[in-house]
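The values are calculated or read from the model by the stated rules, or taken from the named source; none is laboratory data. This structure is a prediction, so every number in the text was calculated from the model and none was measured. FYI the Cβ positions are ideal-geometry reconstructions off the backbone, even for glycines, and counts take in every protein chain you see. Surface accessibility is based on the protein's heavy atoms, side chains included, excluding ligands, DNA and RNA. Shrake-Rupley method; radii C 1.70, N 1.55, O 1.52, S 1.80 Å.
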Amino acid sequence: MLEKLLLTGAAGAVGQALRPLLPQIARSVVLSDVVAIDEVKPHETFRPCDLGDRPAVDALFDGVDGVIHLGGISVEKPFDLILNGNIVGIYNMFETARHHGKPRIIFASSNHVIGFYRRDQRLDSSVLPKPDTLYGLSKAFGENLASLYFDKFGQECLSVRIGSCFPKPRDRRMLATWLAVEDLFDLCARAFDAPRLGHTIVYGASANEETWWDNVNAAFLGWQPKHSSAKWRAEVYATAPAQKPDEPAVVFQGGGFTALGHPDDEG
Ligand SMILES: NC(=O)c1ccc[n+]([C@@H]2O[C@H](COP(=O)([O-])OP(=O)(O)OC[C@H]3O[C@@H](n4cnc5c(N)ncnc54)[C@H](O)[C@@H]3O)[C@@H](O)[C@H]2O)c1
């Protein structure tokens, strides 16, 4: 059981979904985000923080013995926003952790680190990154930072290449990439419990029928996702339009992100 878990990005979609599960692994939880959270439970405290502000990040870590780092830009955006939230932000998180007893960090990476691999390629965590966006590139930076901080300083981290963590799959691609929040929670719990974590990369998808990813390199965690997108297959096929087989969004694992232009060119 953790004494004090820090959850960044706590106001976001995944953060809000994880919150009710966290008392199973932590006696108290520090919620942090740039966006205010008004309703806080007795075991929770809220601390506003911009991840790009190092002293503000430092103020989050007092007594923290585990971190789930969800905060940052979660889609393609202009580079300045990504630089602050995801590059300076993750550096601030790891550098602060290093000075505060090196609590284990679960880092919300993304499938968009490898988005330009085709869907007929099966990937384990040893493949080279092929980011599909500036956003995916920033997550690759985060994974490399985690690797450096483990090899050089012993800071342990689980980088989770989250597929699609939503209440249910929204389109046909998500039948392969969907991640139930309960499975994500179980993965976090196992990473905090493991005798040794090192820096491990895991693909965050539930036990879906379609899969492009192989978690053999994280098998030591014993994570066996229990949920599957299969129960929504008929609904998704009835409601989400079919796409042409040669569209980039269908060819590549990153889906529609692979077809996005440069964010500065849009609008
Ligand atoms: N939801 C998914 O399917 C999915 C897939 C792949 C990766 N991820 C990653 O998981 C994490 C959570 O995803 P989500 O869907 O909840 O995203 P989200 O956008 O709903 O939440 C992200 C949160 O981070 C906060 N944030 C943004 N910039 C910040 C900054 N500079 N300082 C502090 N906080 C900041 C936002 O206010 C927001 O509440 C993100 O890091 C995202 O990249 C999510």
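What to note about this one:
- Karplus-derived HN-Hα couplings along segment 216-230 (A = 6.51, B = -1.76, C = 1.60, θ = phi - 60°), whole Hz, x at Gly and Pro: 4, 6, 10, 4, 4, 6, x, 6, 10, x, 9, 9, 8, 6, 4
- On Cα atoms only, tilt of 89-99 relative to the major axis of the chain in degrees: 40
- Non-local Lys pairs in the chain, i.e. 8 or more apart or on different chains, that have alpha carbons under 30 Å apart: 28
- Ligands, DNA and RNA are left out, and with a 1.4 angstrom probe the accessible area of the chain is 46 Å² per residue.
- Cα-based helix-to-principal-axis angle, 181-193 vs the chain, degrees rounded to 10: 40
- Relative to the longest principal axis of the Cα atoms of the chain, the long axis of helix 134-153 makes an angle of roughly 40 degrees.
- Relative contact order (%) - the chain, alpha-carbon pairs under 8 angstrom, separation at least six: 17
- Alpha carbon Rg of the chain, scaled by the compact-globule rule 2.2 N^0.38 Å: 0.97
- Cα-based shape type of segment 124-182, given that a ≥ b ≥ c are square roots of the gyration tensor eigenvalues and the cut on a/c is 1.5: prolate
- In sequence order, calculated HN-Hα J values of segment 252-264 (Karplus, 6.51, -1.76, 1.60; Hz; x Gly/Pro): 9, 5, x, x, x, 4, 5, 9, 6, x, 5, x, 6
- When GLU95, GLU39 are compared by accessible surface with a 1.4 Å probe, the order from highest to lowest is GLU39, GLU95.
- Exposure ranking of THR239, THR258 by accessible area [1.4 Å probe, largest first]: THR239, THR258
- The chain: most fluctuating residue of GLY71, GLY85, GLY154 per GNM, C-alpha cutoff 10 Å: GLY154
- Dipole of the chain, positive direction: furthest Cα of ALA97, THR239, THR133, with charges on the beta-carbon: THR239
- The string of couplings for segment 104-117 from the Karplus curve (6.51, -1.76, 1.60, θ = phi - 60°) is 4, 10, 9, 9, 6, 7, 8, 4, 6, 5, 10, x, 8, 7 Hz, one whole number per residue in order, with x for Gly and Pro.
- Per residue, the convex hull volume that the Cα atoms of segment 71-110 enclose (Å³): 56
- Listed residues THR177, THR133, THR211, most fluctuating in the chain (Gaussian network, C-alpha, under 10 Å): THR211
- Computed Rg/Rh of segment 68-137, alpha carbon atoms with Kirkwood Rh: 1.03
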